[in-house]
Structures are given as C-alpha cells and as structure tokens.
Amino acid sequence: IEDTDQKRLVPGSAEAIARDLKWSGIDFDEGPGKNEKFGPYFQSQRTSIYRQYANQLLEKGHAYRCFCSEDRLAKSRASTVTRGNLQLYDRYCLSLTQSQIKANLDAGVPHTIRLLIPSGETLHDDIVCEKVIFKNNIVDDQILLKSDLFPTYHLASVVDDHLMQISHVIRGDEWLSSVPKHLMLYSAFGWEAPKFAHLPLLLNPDKSKLSKRQMDTSIVSMKEKGYLASALLNFVAFLGWTPEEHLIVKQTPILTLSQMIEMFSLERLNKSGAIVEQQKMDWFNSNHIKRLLEYEPNEFIIKILPLLEQKLETLKINNPNSFVIQIDLEKIKKLIHFHKPKIHNYQMKF
C-alpha cells in the first residue's frame, strides 16, 4: 500500500481496495492481514528500511544530499525555462565539500537525498513496449528520500519489489519514463531487476485519458447499478489483452475468470490504448447474466435479493401508510424467466 504521500492520503482507501478485490473474485495471495511473509505492507510502516538503503547509496557514491530550499529550486527551474532547456536539477549540492555537508547537518538544515544519474545510455527491454533506449543526460537526479524522511515512489518501489521477491512489475505506460531511474537503482544496489510491462492507458470515448468526469469508473457504482463481477472482469480484461483464441474465432468470447487465467499471457497484451465504452460493458453484463440464468438461475436470484429488499425498504420509508409488500420468490422466478432475453443488469432494467 503506497501511502508515503501523506497529503494525498485518503482514510479507508486500502480497505476499499480489499473489498473491491474480494467482490470481483480476485483474492490476493499475500498482503495486509494475510500470509504476511514480507510485511509490513504499508510503506509508511517501512520508512526505517528505506532510510537504511538510502544511506547505502550515499556510502557507495550513487546518491548525494541536497540542501536546496524550495525558493532556490523554483528560481533554478524558472531560469531553465527561460533558457528553453529541460527542467533538470543543476546539481548545485553535488559540489558541496564534506565539511559543508557536515555543517548543514549539524545545523539541522532540511535536506533530501538525490540519485546521482550516471552518464551514457540506459537500455530497457519491455514486455509490451519492447526495446527502449534512454539518454541519461536528460534524466533528472531524482529525489529518493524527502526532507520529512519519507521515500518517493522511486526508492520505495524498488526496495519493496526486491525485498518482496517480485518477478514482474505491471503498470501504466506513464511510468515508462521512470524506468531508467529504477534500473539505475537496481544496478547501484547490485540487484537483479524484475521484468517490466508498461500497459497503455484506458481512454474516454473521445480518446482522452480515462477520467471520472466522462466515465463512471467506481467499482461501488458498478455494483449498485447491477453489474456482475464476472462481466466486469471479462470487460476489463479485453480492454488490454487479446487471447489467441479470439483471433481464430473472430468474436469476443464470454469468459469466466478461471478461463481467462488459463488463456492469459503477457505477450498478448495490447500496445495501444483501449476506449472504455459503456455499451460494450452492458453487452458483457447482459451475456454474463444470460449465462447465469441458463446454468445457475437460483444463483441469480440470490444475487438480486439484497437489491429487492433494499428497494422494498425504500418503498416503506417513502410510503409509511402503504400496504406491506412481501417478496414472492416463485413470482420472481416467473418474472425473470419471462423477461430473460431483455435483462441487462441486476436492477432489472430491460
């Protein structure tokens, strides 16, 4: 759980993620409260570990202390923009002598720890983006440890992934530009880097980056609107992956989670961004419901009962003097059977 940015911390968000994973049928193998082999699993509880490894980088000469104030950094950036160059740190503090560094430390001057980017090039072979070459002279000396002693994502993720024996890092392609920094860190520590797969972004219908303003992306909202977890998984999987079988039969298969796991391979991940279409989501949901009604009709009724009870409770509140309405399962079964071809979600909107 990446909670080192205290300003952006949302209480209860970690619990919400766990609930959404459980609802979707994706059960994590290891983490907070489960098989805690490599815990703790909150980065805010691992700060002493990150400081230890930051000090190792200092001792090896792969990092240096930066005492620059926010004011000086802002002026340096403004000057860089004026010259039309990249906004890279000017390495002012790299030239400080050991006596100057000691004096600053003794005086309690706030400071960060920066990665010292070596010269040359960094080669990266990505599972999705394939071979990428980065010029090191346009990579900034990244802050690894902030003045509040909390790490940045770059240091924390590399240290965590190594200590937790992570084999593959799969993330959005907006992190591709950070790969050289991470590979440099693995090299500086003398560690073997994991394999990386950078996924293309999900897009709004207008091909802009997926946003809450245009699309309802909340799992809670999906549940309330009556979408099946199996349908959502099937829909999301096909946004970034194309199984080989799909290319053969030329149709979008309705798959269960176990079927997708059996068919999945990283090599079949898409290289271009996928548009998130509500109509397509509805199509998947409708077909998953039809499958459920065909093979497990009682399971469908079990799933919609909480929604029916909720609606009845709302009716009672809004109409306190109305007659008592009771749920008749046999009538519900007949209603579902009659409307089966037109059912698109649990809300019974046809």
message = Among the listed residues Ser24, Ser76, Ser13, identify the single one that is of a type in the set (Ser, Thr, Tyr) and either closer than 17 Å to Gln142 by Cα or at pLDDT 95 or above (or both).
response = Ser76
query = Can you tell which of Gln98, Gln165 is polar (S, T, N, Q), touching a residue at least 40 places away in the same chain (Cβ under 8 Å) and open to solvent by 50 Å² or more (accessible area, probe 1.4 Å)?
reply = Gln165
request  = Scan the stretch 189-205 residue by residue and report those that are open to solvent by less than 10 Å² (accessible area, probe 1.4 Å) and over 17 Å from the mean Cα position of the chain (by Cα).
outcome  = Asn204
remark   = Of the candidates Ile117, Ile26, the one satisfying the condition of being loosely packed, with under 12 Cβ neighbours inside 10 Å, touching a helix residue (DSSP H, G or I) at 6+ places or on another chain (Cβ under 8 Å) and either among the β-branched types (Val, Ile, Thr) or not in a loop (DSSP other than H, G, I, E, B) (or both) is Ile26
key: Residue within the stretch 76-90 that is under 20 Å from Ala188 (Cβ atoms) and over 22 Å from the mean Cα position of the chain (by Cα) present   = yes
inquiry  = Can you find, within the stretch 54-64, the residue that is farthest from the chain's Cα centre (by Cα) among those that are open to solvent by less than 60 Å² (accessible area, probe 1.4 Å) and farther than 16 Å from Val158 by Cβ?
reply    = Gly61
ask   = If you scan the stretch 29-53, which residues turn out to be more than 18 Å from Gln6 (Cβ to Cβ) and either surrounded by 12 or more Cβ atoms within 10 Å (Cβ to Cβ) or of a type in the set (Phe, Trp, Tyr) (or both)?
value = Glu30, Gly31, Pro32, Lys34, Phe38, Gly39, Tyr53
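Considering only the stretch 134-157, I want to know if a residue exists there that is in a strand (DSSP E or B) and without any contact (Cβ under 8 Å) to a residue 24 or more places away in the chain.
Yes, the stretch 134-157 has at least one match.
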query = Which members of the stretch 264-295 meet the condition of being closer than 13 Å to Leu239 by Cβ, outside any helix (DSSP H, G or I) and not charged (D, E, K, R)?
reply = Leu269, Asn270, Ser272, Gly273, Ala274, Ile275, Val276
query = Are any residues in the stretch 1-50 hydroxyl-bearing (Ser, Thr, Tyr) and closer than 29 Å to Ala229 by Cα, and if so, which ones?
reply = Ser13, Ser24, Tyr41
ask   = Only one of (1) small (Gly, Ala, Ser); (2) in contact with a helix residue (DSSP H, G or I) (Cβ under 7 Å, 6 or more places away or on another chain); (3) at pLDDT below 90 fails for Ser221. Which number is that?
value = (2)
note = Expected single match for touching a helix residue (DSSP H, G or I) at 6+ places or on another chain (Cβ under 7 Å), open to solvent by 40 Å² or more (accessible area, probe 1.4 Å) and touching a residue at least 60 places away in the same chain (Cβ under 8 Å) among Leu185, Leu228, Leu210, Leu257 is Leu257
ask   = Out of all the residues in the stretch 141-162, which are open to solvent by less than 50 Å² (accessible area, probe 1.4 Å), touching a strand residue (DSSP E or B) at 6+ places or on another chain (Cβ under 9 Å) and not aliphatic (A, V, I, L, M)?
value = Asp141, Gln142, Pro151, Thr152, His154, Ser157, Asp161
inquiry  = Filter the stretch 265-282 down to the residues that are farther than 19 Å from Asp173 by Cβ and either open to solvent by 80 Å² or more (accessible area, probe 1.4 Å) or among the charged types (D, E, K, R) (or both) and list them by number.
reply    = Glu277, Gln279, Lys280, Asp282
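The values are calculated or read from the model by the stated rules, or taken from the named source; none is laboratory data. As the structure is a prediction and not an experimental result, all values here were calculated from the model. Virtual Cβ from ideal backbone geometry, glycine too; neighbours counted across all protein chains shown. With ligands, DNA and RNA removed, areas are computed over all heavy atoms of the protein, side chains included. Shrake-Rupley method; radii C 1.70, N 1.55, O 1.52, S 1.80 Å.
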